[in-house]
Amino acid sequence: MYFDAFNGDADGICALHQLRLAEPRSSQLVTGVKRDIALLKRITAEAGDEVTALDIAVEKNIGPLQTLLDKGVRVRWFDHHNPGELPVHAGFEPHIDTAADVCTSLLVDRYLGGRHRPWAVAAAFGDNLHDAARRTAEPLGLTEDGLAQLRELGVCLNYNAYGESVEDLYFPPDELYRRLHAYADPFVFVAEAPEFVTLREGYRADMAAASTVPALEERPSGAVIVLPDAAWARRVSGVYANELASRHPQRAHALLTRSPQGHYVVSVRAPQANRTGADELCRQFDTGGGRKAAAGINVLPEERLPDFIRAFYTVYPV
């Protein structure tokens, strides 16, 4: 039996899509909202089975990973997050690169020799890696309109992954992947898929709402914005952070969204001019993690907001 465990965002979906276009197989899909990354604990596999993990951190899955390997399950892993200490095992095949200008779909593109590259370009745009997306797209000879379509696709796929639960999303990520996987060509998906129309319209409406929220604190080095407890705010938090990072490349950004449970969910983007520090900042707090350019905290208690703001401006001083 085959299992595909993948992040529900643009990077995870496009990484799996590329891989399964090149290596078709029926598999059990294991995914969730963007921050639901401890996915291997949901897999019951036996010796001879194979697990492919995409765009989820080894560090957050190390216990179940070791259990699977000890049972004789083969595990192949593509990711760009800090993995912690990797297991050494004959059944483990890691493809991991934590460079700030790499995402998981670009690693799969590298692995496949560019066989389905437009999807990797879309994912890189969705992961806010605009320069890397354009560099990767150069051999494709796309027009500016073509690049713009891939950018919008990546952003909309990424937008669909953010939420407190799947109920906040327009499409459960496994369902969105299945619908998208019917399209080998991303430009046909953009032109014909009703799912894309739904995501594009929802994205535009939610971004308009977010743009009306003033910053809680704003300095030349960074801005902290608190979004309300609302489904639209939970959906838009990550992509709005990406948009602000692109609009103000010299500035860091932290978007905190109030959870129905009373805490904050945090998205941090390092300045695009210096794509470091986001993981360092978020790892100072329980449930925090990510990568140098973009990271987050799943649960920040309300009383720790002042601590977070101090830490934010320590990592990104004026």
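The values are calculated or read from the model by the stated rules, or taken from the named source; none is laboratory data. For clarity, every value in this text was computed on a predicted model and none was experimentally measured. We place every Cβ from the backbone using ideal geometry, glycine too, and count neighbours over all the protein chains shown. These area figures cover heavy atoms from the full protein model, side chains too; ligands, DNA and RNA do not enter into them. Shrake-Rupley method; radii C 1.70, N 1.55, O 1.52, S 1.80 Å.
Miscellaneous remarks
- Each other residue within a Cβ distance under 15 Å of Leu68 adds +1 if Lys or Arg and -1 if Asp or Glu, for a net charge of 0.
- Here the chain has 50 percent of its accessible surface on carbon and sulfur atoms, given a 1.4 Å probe and all protein chains in place.
- Helix-only CD estimate at 222 nm, as mean residue ellipticity for the chain, using -39500 (n - 2.57) per DSSP H run (n ≥ 4): -12500 deg cm²/dmol
- Taking every protein chain into account, the accessible area of region 179-242 amounts to 43 square angstrom per residue (probe 1.4 Å).
- 19 Å cut-off, amide nitrogen to a point 7 angstrom out along His89 Cα→Cβ, residues in region 17-59: 28, 30, 37-59
- Selection from Ser211, Ser246, Val265, by position along the positive dipole direction of region 205-318 (Cβ): Ser246
- The peptide list 204-217, 14-27, put in order of mean Cβ contacts within 10 Å with the highest first, becomes 14-27, 204-217.
- Label-to-label distance, nm, for residues given as Ala22 and Arg115 (7 Å Cα→Cβ offset): 0.6 nm
- Rounded to the nearest 5, the antiparallel percentage of DSSP beta bridges internal to the chain is 40%.
- Selected from Arg234, Arg269, Arg304 as most flexible by GNM, with the chain as the system and alpha-carbon contacts under 10 Å: Arg304
- Relative to one another, the C-alpha centroids of region 215-240 and region 1-57 are positioned 30 Å apart.
- In the context of the full set of protein chains, region 8-125 has a per residue accessible area of 36 Å² (1.4 Å probe).
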